[in-house]
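What follows is calculated from the coordinates using simple rules that are stated; it is not laboratory data. All values derive from a computational prediction rather than experimental measurement. Counting neighbours? That spans all protein chains shown, and the Cβs are built from the backbone with ideal geometry, glycine included.
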Amino acid sequence: MSIPRALLLSAALVLGAPLGALAQPADRTAEADARFRRGVELYKEADYIAALTEFRRAHALAPAYQVLYNIAGACYQLKDYACSLRAFERYLADGGAHIAGDRRAEVERDIAVLRSRVATVDVSTSVPGVEVTVDDMPVGKTPLAEPLLLSAGRRRIVAEAPGRPAVVRVLDVAGGDHVRLAIELPEARALRGEGAGGVPAPPPAQPGAPVDGAPREQRSAPVVPWLATGALAAGAAVTGVLAVGASADLEGELGAFPGDARAIDRARSRTATLALTSDLLTGAAVVVGGVSLYLTVAGGGTERDGRRRASSPSIRLSFAPASFRLVGSF
C-alpha cells in the first residue's frame with residue numbers, strides 16, 4: 001500500500017484552502033487547521049496514536065473530506081484495518097468528483113487490500129438495549145444497525161446491560177470471515193431478599209419480637225487462670241510481710257551484744273528465702289494475670305454459634321524450700 005507517501009500529498013491539500021474555505025466559525029477553523037498541522041508532525045514522528053487523535057479532532061471541528069485520508073493512514077499504521085477501511089470509503093463518498101482520477105484509483109486499490117484484512121461479526125443479544133464494546137471501544141446498543149467491521153486478529157467483545165452481569169466473548173477472526181455471535185445475557189439480579197449493593201437484607205421483624213441490630217456473644221471469664229492469679233498475688237503479699245518481719249529479726253540479732261552467730265545465720269537465711277519467694281510469687285502473679293486478661297479479652301470460655309472453645313489452660317504450682325515452679329498447658 002502507498003498510504004505513507006499519499007498521506008503527505010493529502011496533508012498538502014488539506015493545509016491549503018479546504019479547511020479555511022468551510023462555512024465554519026473562524027476560531028473553529030483556526031483550531032482545526034492547527035490540530036491538523038500538529039497531526040501531520042506527529043505522524044512524521046511515528047506517533048500514530050496522537051496523530052490519529054489530532055486528525056479526528058480537526059475533522060470534528062471543521063469537517064473536510066481530505067482529513068479522512070489522513071485518518072485512514074494513521075489507522076493503517078496502527079494495524080486497525082477496519083478503521084482505515086471505513087475512513088477510505090467515507091473519503092471517496094464525501095470527496096466525490098473533487099477527488100482526482102489517479103487518487104481515486106489508488107484509494108480503491110488500498111480498499112481492496114484492506115477488505116481482505118477485516119471480518120464482519122453480526123452481534124445479537126437476548127434482550128435489547130445492550131451496550132456492546134469491542135476492545136474497550138463502544139460500538140452501540142443492540143439491536144445494531146449493521147454487522148460490526150473488525151480487523152483480523154483476536155477481538156474482545158463485551159455486552160453490558162443495567163442490572164445484569166457483563167458477558168465477555170473473545171473471538172479470533174480472519175480476513176474475510178462472516179461470523180454470527182448471539183449473546184445470552186443472564187437474568188437481572190433479583191432484588192427480592194437483597195439490600196443495597198446486593199447484600200442480603202435482614203428478615204422482617206416478627207410482631208412483638210425484640211429487635212436486635214447486631215449478633216451478640218455470651219462471654220464468661222476463664223475461672224482457673226484468675227483463681228491462680230489471686231492465689232499467687234496473695235502468696236506474694238504474705239511472704240512479703242514475713243520477709244519484712246524476718247529482716248527486722250535479723251537487725252535485732254545483729255544489734256545484740258554479744259552476738260549469736262548461729263542465730264544471725266538463721267535470721268539471714270530466713271530473710272533471704274522469704275524475700276526471694278515473695279519476688280517469685282509477684283512475678284508469677286504478673287505473668288498469670290496477663291494470661292488471664294488475654295484469655296478473657298480473646299473470648300476464653302466464650303460460647304460462639306453453639307460451640308464452646310477449648311477448656312481454660314491448666315496451671316500447677318510446685319513449691320520447694322527456697323523456690324517454686326509454675327507448670328501449665330495453654
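Residue 169 label point, 7 Å along Cα→Cβ, cut-off 16 Å on backbone N: hits in the stretch 139-155?
So the set is 139-151, 153-155.
Between residue 94 and residue 47, what length in nm is gained on full extension when 0.36 nm per residue of separation is reduced by their alpha carbon distance?
14.2 nm
Decide, for the stretch 118-183, between rounded, prolate and oblate: order the square roots of the alpha carbon gyration tensor eigenvalues as a ≥ b ≥ c, take rounded if a/c falls under 1.5, and otherwise choose prolate if a/b is larger than b/c, else oblate.
Prolate, because a/c is 1.5 or more and a/b exceeds b/c.
Could you calculate the contour length gain from residue 104 to residue 28, that is, 0.36 nm times the residue separation minus the distance between their Cα atoms, to one decimal place in nm?
Stretched fully, the residue 104-residue 28 segment lengthens by 24.5 nm.
Taking square-rooted eigenvalues a ≥ b ≥ c of the alpha carbon gyration tensor, is the stretch 83-123 rounded, prolate or oblate, where a/c under 1.5 means rounded and, failing that, a/b exceeding b/c means prolate?
oblate
Skipping prolines and chain starts, which residues have an amide H placed within reach, meaning under 5 Å, of the one on residue 166, given they are 5 or more residues away or on another chain?
Amide H neighbours of residue 166: none.
Could you pull out every residue, at least 5 positions away or on a different chain, whose amide H is within less than 5 Å of the one on residue 177? Hs are placed 1.01 Å off N in the peptide plane, and Pro or chain starts have none.
120
Please list 3J(HN,Hα) in residue order for the stretch 288-294, calculated via the Karplus relation 6.51 cos²θ - 1.76 cosθ + 1.60 where θ = phi - 60°; whole Hz, with x for glycine and proline.
The phi angles translate into 5, x, x, 4, 4, 5, 4 Hz.
Could you list the GluC sites (Glu not before Pro) in the stretch 45-131 that lie in coil according to DSSP, counting only those with at most 10 other Cβ atoms within 10 Å of their Cβ?
The qualifying sites are 45.
Please compute the modelled spin-label separation between residue 141 and residue 120, points set 7 Å along Cα→Cβ, answer in nm with one decimal.
Each label point lies 7 Å from its Cα, and together they span 2.5 nm.
May I ask you to order 65-74, 28-37 by the average number of other C-beta atoms within 10 Å around their residues, highest value first?
Descending mean neighbour count gives 65-74, 28-37.
List the residues, sorted by chain then number, that are 5 or more residues from residue 125 or on another chain and whose placed amide H is less than 5 Å from its amide H.
Amide H to amide H, under 5 Å and 5 or more residues apart or across chains, residue 125 pairs with 183.
How would 113, 173 line up from fewest to most surrounding beta-carbon atoms within 10 angstrom?
Taking fewest neighbouring Cβ atoms as first place, the list is 113, 173.
Once you have the Cα-Cα distance between residue 131 and residue 251, take 0.36 nm times their residue separation minus that, and quote the gain in nm to one decimal.
Full extension from residue 131 to residue 251 adds 33.5 nm.
Enumerate the calculated ³J(HN,Hα) couplings along the stretch 25-42 in order (Karplus 6.51 cos²θ - 1.76 cosθ + 1.60, θ = phi - 60°), each rounded to whole Hz, writing x wherever the residue is Gly or Pro.
x, 4, 5, 5, 5, 5, 5, 4, 4, 5, 5, 5, 4, 5, x, 5, 4, 5
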